[in-house]
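Student: One structure, pasted below without further comment.
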Amino acid sequence: MPEEKMHDPFKPKTPSIPGVSAQSPQVSARRPQVQPANEPKPESKPIGPQGSPFAAVGIAAAVIAVFIVIGMLSYRSLVSSVRSRHAAPDTVESAPPVAPAAAPKPVAPMLVGPGPIATTAELAKPWSSREFLFRGHVAIDPQPAMVVKLPSGQYWAFSLTEPFGTCALDYVTDLDKLQSEYDFHASHPMVVDTCTKAVYDLSQYSAGSSDGALVRGAIVQGTGIRPPMAIEVQVEGKQVVAVRGE
């Protein structure tokens, strides 16, 4: 009796497909790779500065150190500034005090004659003088004039415009100026013509008045028509008063 082939349930029969040759499939069973027991385990790498808690701590420490340095520099700057502010008053106090500037002397108003033109106190010294304006019978506007106290105690007034001209006369009290600018050696003040450089001496008389009388202010150097035009003055109490001109 032929042996009957038993069907193995663990080996299923390969199905037959028309047109495909029946071959036994090659099944490769994959087995899990088992590491041998005696093989050494891979060493774990040490944790580096990146991505570790130690890196964060190092960065924080660096930031704190920078802030500490900045704070120290700011503190030193503040201390230096405070010291300089406290030292400034000492420097100012040590400087010598500056004397206040002398107040300018008040200028007396220009008086106009005929009328009071000066006081006897203003003309107390010999050769002292005072300028004023005088309104004569010829000129419409007041003209500059001057009164001088002579060493004899007499007051003499005259016009500060050259006779029959327009040049200004000047009363020079600086004797060195008379020598350097007018080449004239004098022992007392003189009247000069700023245009012609003529020199007039109020201590001397000279002819020149329209009525033939002598007039003070003889020409002692240079040329001119006559002495300065005289103005009559009188003393009334403490006032020197201009009365009339030539």
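The values are calculated or read from the model by the stated rules, or taken from the named source; none is laboratory data. All values derive from a computational prediction rather than experimental measurement. Every residue, glycine among them, receives a Cβ derived from its backbone with ideal geometry; neighbour counts consider all protein chains shown.
Student: Considering only the range 164-187, how many residues are crowded, with 19+ Cβ neighbours inside 10 Å and either under 22 Å from Pro114 (Cβ atoms) or in the same structural domain as Lys125 (by TED's automatic domain parsing) (or both)?
Tutor: Qualifying residue count for the region: 1.
Student: So which pairs qualify, if the first residue must be in the range 185-209 and over 18 Å from Phe164 (Cβ atoms) and touching a residue at least 40 places away in the same chain (Cβ under 8 Å), the second must be small (Gly, Ala, Ser) and assigned to a strand (DSSP E or B), the Cβ gap must be under 7 Å, and the two must be at least 6 apart or on different chains?
Tutor: His188/Ser203; Leu202/Gly217
Student: Return the pairs, sorted by first residue and then second, in which the second residue is surrounded by 13 or more Cβ atoms within 10 Å (Cβ to Cβ) and hydroxyl-bearing (Ser, Thr, Tyr), the first residue lies in the range 212-239 and is under 18 Å from Val112 (Cβ atoms), the beta carbons are less than 7 Å apart, and the residues are 6+ apart or on different chains.
Tutor: From residues that are under 18 Å from Val112 (Cβ atoms), the pairs are Met229/Ser159; Ile231/Ser159; Val233/Tyr155; Gln239/Thr119.
Student: Any idea which of Pro163, Pro126 is in contact with a Lys or Arg (Cβ under 7 Å, 6 or more places away or on another chain), within 23 Å of Gly224 (Cα to Cα) and part of a loop (DSSP other than H, G, I, E, B)?
Tutor: Working: Pro126 fails: within 23 Å of Gly224 (Cα to Cα).
Going through Pro163, Pro126 in turn, just one is in contact with a Lys or Arg (Cβ under 7 Å, 6 or more places away or on another chain), within 23 Å of Gly224 (Cα to Cα) and part of a loop (DSSP other than H, G, I, E, B): Pro163.
Student: Is there a residue in the range 175-184 that is assigned to a strand (DSSP E or B), under 25 Å from Gly222 (Cα atoms) and not basic (Lys, Arg)?
Tutor: no
Student: Residues being among the acidic types (Asp, Glu) and modelled with pLDDT under 95: count how many of those fall in the range 134-175.
Tutor: Here is the first cut: in the range 134-175, the residues among the acidic types (Asp, Glu) are 141, 162, 170, 174.
Add one more test, that the residue is modelled with pLDDT under 95, and what stays is 141, 162.
Result for the range 134-175: 2.
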